[in-house]
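The values are calculated or read from the model by the stated rules, or taken from the named source; none is laboratory data. Computed from a predicted structure; not experimentally measured. Every residue, glycine as well, gets a Cβ built from its backbone with ideal geometry; the counts of neighbours run over all protein chains shown. Accessible surface is based on the protein model in full, side chains and every heavy atom, while ligands, DNA and RNA are left aside. Shrake-Rupley method; radii C 1.70, N 1.55, O 1.52, S 1.80 Å.
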Amino acid sequence: MASLPIWIAPGEAADRVYDVRAEDASGLGFALLRPRRSGHDNSVAQLAFAKLNPVEPDDTSPRTRCGWPTTARDHRLVLAPGVADPVSIERLLGDYDAATVEHQRLLAGVLTVPFDRDRPLHDQFDQLVAFAMVHVAMDRHLTSLAVCHAPGDQLADEAPHGHLLVLARSHRACGWGPLHPELSEGEHAAWADEWIKFGEGWRRLGSR
């Protein structure tokens with residue numbers, strides 16, 4: 001296993017992305033990860049490691065299959081259809097970062113979803129993963145990493161929430177493709193509307 005990415009705290013991770021939320025859109029956060037921000041060189045692997053570890057990990061932290069520690073409540077890699085099973089999250093994201101070209105201006109998008117304290121977290125995280133499978137992977141041929149954060153696990157008062165780290169380049173059996181146009185400034189309202197409509201359908205399914 002390669003050396004672990006350097007852990008960065010949630011506040012610093014937030015400073016690494018560009019918050020491009022629209023004023024008239026709610027219910028879904030939207031940010032973009034570019035190759036550089038605030039004097040730092042960014043990578044998808046480092047941001048993914050930060051999202052998987054909202055609290056600094058130690059030797060007792062649970063591990064992913066590739067050996068990365070994780071202090072998040074849950075996570076799930078959602079692959080675009082037709083893509084081969086990766087050896088590990090580490091290998092997939094390392095290959096993605098290595099394929100970044102000099103003129104590439106976007107690495108990933110980050111969707112953030114607030115969770116309801118009065119609903120089971122597994123149900124809300126399942127909804128986020130299902131959204132990623134249908135609307136991100138199948139509809140757009142994009143690969144993503146869904147992560148569930150439960151700050152209450154560490155006695156914090158912050159509400160639980162989920163992150164969806166969406167790799168910006170289309171992903172197919174032959175490899176990485178062009179940047180997806182819907183991961184760009186001005187697209188927040190469309191993503192928020194899509195999430196709201198998906199949630200309405202999810203609740204109808206749950207009430208059967």
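What's the carbon and sulfur percent of the range 13-135's accessible surface, probe 1.4 angstrom, rounded to a whole number?
47
Using Cα-only point scatterers and the Debye equation, what is log10 of I(q)/I(0) for the range 1-61 at each q in 0.25 Å⁻¹, rounded to two decimals?
The Debye formula, applied to the Cα set alone, gives -1.10.
So what J values fall out for the range 90-99 if you push phi through Karplus, 6.51 cos²θ - 1.76 cosθ + 1.60 with θ = phi - 60°, rounded to Hz, Gly and Pro as x?
Once rounded to whole Hz, the list reads 4, 5, 4, 6, x, 5, 5, 4, 5, 8.
Using only protein heavy atoms and a 1.4 Å probe, report how much of ARG140 is accessible, in Å² to the nearest 10.
Surface open to solvent at ARG140 totals about 30 Å².
Using the crude model of +1 on Lys and Arg Cβ and -1 on Asp and Glu Cβ, and no other charge, please compute the dipole size for the range 51-99 relative to its Cα centre, in debye to 20.
So the dipole magnitude of the range 51-99 works out to roughly 200 debye.
Using Stokes-Einstein with the Kirkwood hydrodynamic radius over Cα pairs, what translational diffusion coefficient do you get for the chain at 25 °C and a viscosity of 0.890 mPa s, in µm²/s rounded to a whole number?
141
Let me make sure I get this right: for the range 29-149, a, b and c are the square roots of the gyration tensor eigenvalues over alpha carbons, sorted descending. Under 1.5 in a/c it's rounded, otherwise prolate if a/b > b/c, else oblate. Which is it?
Details: a/c = 1.40, a/b = 1.20, b/c = 1.17.
Cα axes put the range 29-149 in the rounded bin.
Treat every Asp and Glu Cβ in the range 127-187 as -1 and every Lys and Arg Cβ as +1, leave all other atoms uncharged, and give the resulting dipole magnitude about the Cα centre to the nearest 20 debye.
The calculated dipole for the range 127-187 is roughly 420 debye.
With the other protein chains left in place, how much accessible area per residue, in square angstrom, belongs to the range 122-164 at a 1.4 angstrom probe?
38
Given the convex hull of the Cα atoms of the range 136-208, what is a quarter of its surface area in nm²?
Hull-based average projected area comes out at 7.3 nm².
If packing is taken as the average number of other Cβ atoms within 10 Å across a peptide's residues, how do 188-201, 161-174 rank, most packed first?
The peptides rank, most packed first, as 161-174, 188-201.
Would you mind counting up the charge near HIS163? Only other residues with Cβ under 12 Å from its Cβ, with Lys and Arg at +1 and Asp and Glu at -1.
Values: positive: LYS51, ARG73, ARG76; negative: ASP74.
Within the 12 Å Cβ shell, the charges total +2.
Based on the Cβ-Cβ distance of SER207 and ASP15, what FRET efficiency does E = 1/(1 + (r/R0)^6) give at R0 = 45 Å, to the nearest 0.05?
0.65
P(r) for the range 60-119, please, calculated from all Cα pair distances in 10 Å bins and given in %.
Computed distribution, short to long bins: 15, 38, 35, 11, 1.
Among GLY94, GLY29, GLY82, which one moves the most in a GNM of the chain with springs linking Cα atoms closer than 10 Å?
GLY82
Residues of the range 1-113: accessible area per residue at 1.4 Å, in Å²?
Ligands and nucleic acids excluded, the figure is 53 Å² per residue.
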